[in-house]
Amino acid sequence: MKVLFITFMLIQSVFLQAEDGHDLWLRAKSTSPLNVICLKKSPTIGIALQELEKGWQGKDGAKIVLVLKNNKEIRNDGFKISPDGIQANTDLGILYGVYELLRCQQTGEPVEEMICNPSYGARVLDHWDNPDGSIERGYAGRSIFWRQGENSLAVTQNDKTLWKEYARANASIGINGAVLNNVNASPLILSKEYMERVKVIAEVLRPYGIKTYLSVKFSSPSLIGGLKTSDPLSADVIKWWKDKVQEIYSMIPDFGGFLVKASSEGQPGPQDYGRTHADGANMLADALKPFGGIVMWRAFVYSPTDLDRAKQAYTEFMPLDGQFRDNVIIQVKNGPVDFQPREPFSPLFGAMKKTSVMPEFQITQEYLGQAIHLVFLATMWEECLKSETYQEGEGSTVAHCTDGSIYPRKYTAIAGVSNIGLDINWCGHPFAQANWYAFGRLAWNNSLTSEKIADEWIKLTFSQVPSGQALFTLFSTEWTEHFLLPVRQMMLQSRDAAINYMMPLGFHHLFSANEHYGPGPWWAPARVRPDWTPPYYHKADTNGVGFDRTYSGSDAVSQYHEPLGSQFNELKTCPDRYLLWFHHLPWDYKMKSGRILWDEICYNYETGLQQVREFQKTWDKVEAYVDTARFTLVQSKLRTQCRDAQVWKDACLLYFQKFSHMPVPYDIEQPVYDLNYLIENDMKRR
Ligand code: GCV
């Protein structure tokens, strides 16, 4: 292994400057000139050169050679780093190699000679942005792509600057696709006026290797095409889509394809015409095929039937395995319900053996404290990617079942629902930037650990531009011990903490109403369908609590490959973290810890609250290492998170106590709120 010139940052000392967070993890400024040799010229190579100049932290006057060369070991836009520079098959590979080299320099890591290939072909951000500029489940301001009002479609220089910054941030972490609009799609997006804007966005994103995709409404042919039907088998409909696709490619030659939410949560779909998901997806895939486009068809489907919601996607999609074109990828949320703080992985992963399947993660924290709670999601995605499906024996993890290594596929992909908006720091919470970063890094390399990702992100985000009087030395033992390690620890524990104070032991969907922020285990208005209310999921009564998904219950366990199905089914082997997901148990059920279930629930909520209090202390202690603007913002958000954790704990314990009729163990803090007060206040907000 050869090692390049990396120790430079180790000796830099810093002066803290106020920061608004807009520069994300791309804050390093070059401290020395270098000599780059590259024979190729293109917009993408031009960016690579600029980035080297802007961010170089290596030796003064070092020589770096960028070479485009056909190397069979390098796949797609992968690259090889060596002491001589970067080698790749594509311009984009060179750019990715440059970002990797700079990341190593800026985080003080040695650059080892190695080949880096991406885990997935398409690494896509899904924006749930509406044409009026609002964002479904967006918590960081309005859309960067769309806005309301007169001249809303006129492109300004500010728009272009922002889109370019956005593209750069994505490219720096390997993201290569963006779906520009909400999956609950407006048909308007395919109109001439909107397409003109899409074309300009695509032009700005292109040099950074970001392909543009659109979410489409399945009934577009009837809604904007003047047809009587949107039946996927109708000749007129087929022609309409073919013409539309041709028009799109005439404007955007490298257009990525469509994302479709069909026959789901009220969205139209092929089933409205007595057709299947395969009929619908294949019709669009055929239109896109001549241009190399793909269809990402979502498996997020469920309806208010008697069938357990957690079983519905599998039940509907498994019979269709083998019927999809090779440019259709079924997009599956990490868990079988809906981005809950913790779910077992969706049983569709690995089960659809003849179909491309892509994971969909949610970066925006719809169910995890939105832009207020500090929750680092890499641990959740790592847990999902590394879950054993056993579909092809040991080692058939979700990651390997989806990245083409077990089932070779023409197209592989992964998507993350974006958390960005017009807020100056893009994500609302400074630490929410880490989730955008983590998604990109895992999409590029699905075997990275959360620890490594957190480490990188902290170093890139909180190292300071050196100037003026030295306060401390970056990456010194002092900085590492007093800043990096405690902050990293906090990030790594943060998702577990959120699970503990919101929904421990397999609880899920305990949210009040549709805003999915605060607790509402009681929330079940008659007008709302049962599978949108918490009692459907917790099933608390005087006999016990939890959703019985065992063989004798809803039988969801049978959707998992053996030995997993029986492991989840048996109380002895079902992990505590999924206990109430799969089992309905008496309040005095004896846990592995020796405690009864009710006590265990209480201790978990208490632990979550105490963890957030510890986070506050951790953050207060690192004040000297962070600029005031970001320090105080995080501090105030942690304060709110702590109050919320208290509300979660009290609401859930006091509500469930009405059924358990047991005391909260006396050695933990008793609730400070009154249940009626919490319910009344919750109702007032509805
Ligand atoms: C875009 C959940 C969210 C919806 C979202 C939906 C989906 O139900 O609450 O806002 O709609 O998932 O993923 O399609």
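The values are calculated or read from the model by the stated rules, or taken from the named source; none is laboratory data. These figures come from a predicted structure and were not determined experimentally. All Cβ positions, glycine included, derive from the backbone under ideal geometry; neighbour counts span all protein chains shown. Remember, those area values only see protein heavy atoms, side chains included, never the ligands or the DNA or RNA. Shrake-Rupley method; radii C 1.70, N 1.55, O 1.52, S 1.80 Å.
The tail of the calculated P(r) for the range 117-270, taken as Cα-Cα distances beyond 21 Å, holds 46 percent of the pairs. Per-residue 3J(HN,Hα) values for the range 252-265, derived from phi via the Karplus relation 6.51 cos²θ - 1.76 cosθ + 1.60 with θ = phi - 60°, read 10, x, 9, 3, x, x, 10, 10, 10, 9, 10, 6, 8, 6 Hz in sequence order (x marks Gly and Pro). Within the range 276-433, DSSP assigns beta bridges of which about 5% are antiparallel (rounded to the nearest 5).
Based on C-alpha pairs under 8 angstrom that are at least 6 apart in sequence, the chain has a relative contact order of 14 percent. As a size descriptor, the averaged projected area of the C-alpha convex hull of the range 278-429 was calculated at 10.5 nm².
Along its first, second and third principal axes, ordered by size, the range 381-466 spans 50, 25, 19 Å in Cα coordinates.
Each residue of the range 660-666 is assigned a 3J(HN,Hα), and the resulting list reads 6, 6, 10, x, 5, x, 6 Hz, derived from the Karplus form 6.51 cos²θ - 1.76 cosθ + 1.60 (θ = phi - 60°), x at Gly and Pro. Heavy-atom accessible area with a 1.4 Å probe sorts 397, 640, 628, largest first, into 628, 640, 397. Three principal axis extents of the range 57-172 based on alpha-carbon atoms, in descending order, are 53, 33, 24 Å. When you filter the GluC sites (Glu not before Pro) in the range 594-686 for DSSP loop state and at most 15 other Cβ atoms inside 10 Å of their Cβ, you are left with 669.
Placing unit charges on the Cβ atoms of the charged side chains and taking the dipole of the chain about its Cα centre, the candidate lying farthest along the positive direction among 104, 66, 130 is 66.
Annotation: average projected area of the range 559-650 is 8.7 square nanometres, based on the convex hull of Cα atoms across all directions. Distances between placed amide hydrogens fall under 5 Å for residue 328 paired with 295, all partners being 5 or more residues away or on another chain.
Looking at the chain, the DSSP beta bridges with both ends there are about 30 percent antiparallel. Using Cβ point charges alone (K and R +1, D and E -1), the dipole size of the range 213-276 about the Cα centre works out to roughly 80 debye. The Rg/Rh ratio for the chain, using Cα coordinates for both the radius of gyration and the Kirkwood hydrodynamic radius, is 0.96. Checking every one of the trypsin sites (Lys or Arg not before Pro) in the range 311-368 against DSSP loop status and a limit of 16 other Cβ atoms within 10 Å picks out 353, 354. Can you list the lysines whose alpha carbon is less than 19 Å from that of residue 244, not counting same-chain residues fewer than 8 positions off? Of all the lysines, those that pass the test against residue 244 - Cα under 19 Å, at least 8 places apart if same chain - are 192, 199, 211, 217, 228, 261, 289. You can think of it this way: the chain between residue 164 and residue 150 has 2.7 nm of extra reach, that is 0.36 nm per residue less the Cα-Cα gap. Taking the square roots of five times each eigenvalue of the Cα gyration tensor of the range 236-334, the equivalent ellipsoid has semi-axes of 26, 13, 12 Å, listed largest first. For 272, 576, the ranking by accessible surface with the largest value first comes to 272, 576, using a 1.4 Å probe. Sparse packing (at most 12 other Cβ atoms within 10 Å of the Cβ) combined with a DSSP loop state is found for the following chymotrypsin sites (Phe, Trp or Tyr not before Pro) in the range 625-685: 666. With the simple model of a label 7 Å out from the Cα in the direction of the Cβ, residue 485 to residue 246 spans 6.6 nm.
Charge tally for residue 668 (other residues, Cβ to Cβ under 15 Å; Lys, Arg +1; Asp, Glu -1): -3. Counting each DSSP H run of 4 or more residues in the chain as -39500 (n - 2.57), what helix-only mean residue ellipticity at 222 nm follows after dividing by all residues, to the nearest 500 deg cm²/dmol? The helix-only estimate for the chain comes to -11000 deg cm²/dmol at 222 nm.
Ordered by 1.4 Å accessible area with all protein chains kept, 161, 379, 212 run largest first as 161, 379, 212.
Stokes-Einstein diffusion for the range 613-686, with the hydrodynamic radius set to the Kirkwood value over Cα pairs and evaluated at 10 °C in a medium of 1.306 mPa s, equals 109 µm²/s.
What figure, in Å² to the nearest 10, do you get for the accessible area of residue 548 with a 1.4 Å probe and non-protein molecules left out? Solvent-accessible area, nearest 10 Å²: 50 Å². Excluding residue 563 itself, calculate the net charge of residues whose Cβ lies under 14 Å from the Cβ of residue 563, where each Lys or Arg counts +1 and each Asp or Glu counts -1. Counting the neighbours of residue 563, the net charge comes to -4. When nucleic acids and ligands are ignored and a 1.4 Å probe is applied, residue 315 ends up with an accessible area of around 60 Å².
Per-residue Karplus couplings for the range 61-78, computed as 6.51 cos²θ - 1.76 cosθ + 1.60 with θ equal to phi - 60°, are listed in order as x, 4, 9, 10, 10, 9, 10, 9, 7, 6, 10, 5, 6, 8, 9, 6, 9, x Hz, Gly and Pro entered as x. Summing Lys and Arg as +1 and Asp and Glu as -1 over all other residues whose Cβ lies under 12 Å from the Cβ of residue 362 gives a net charge of -4.
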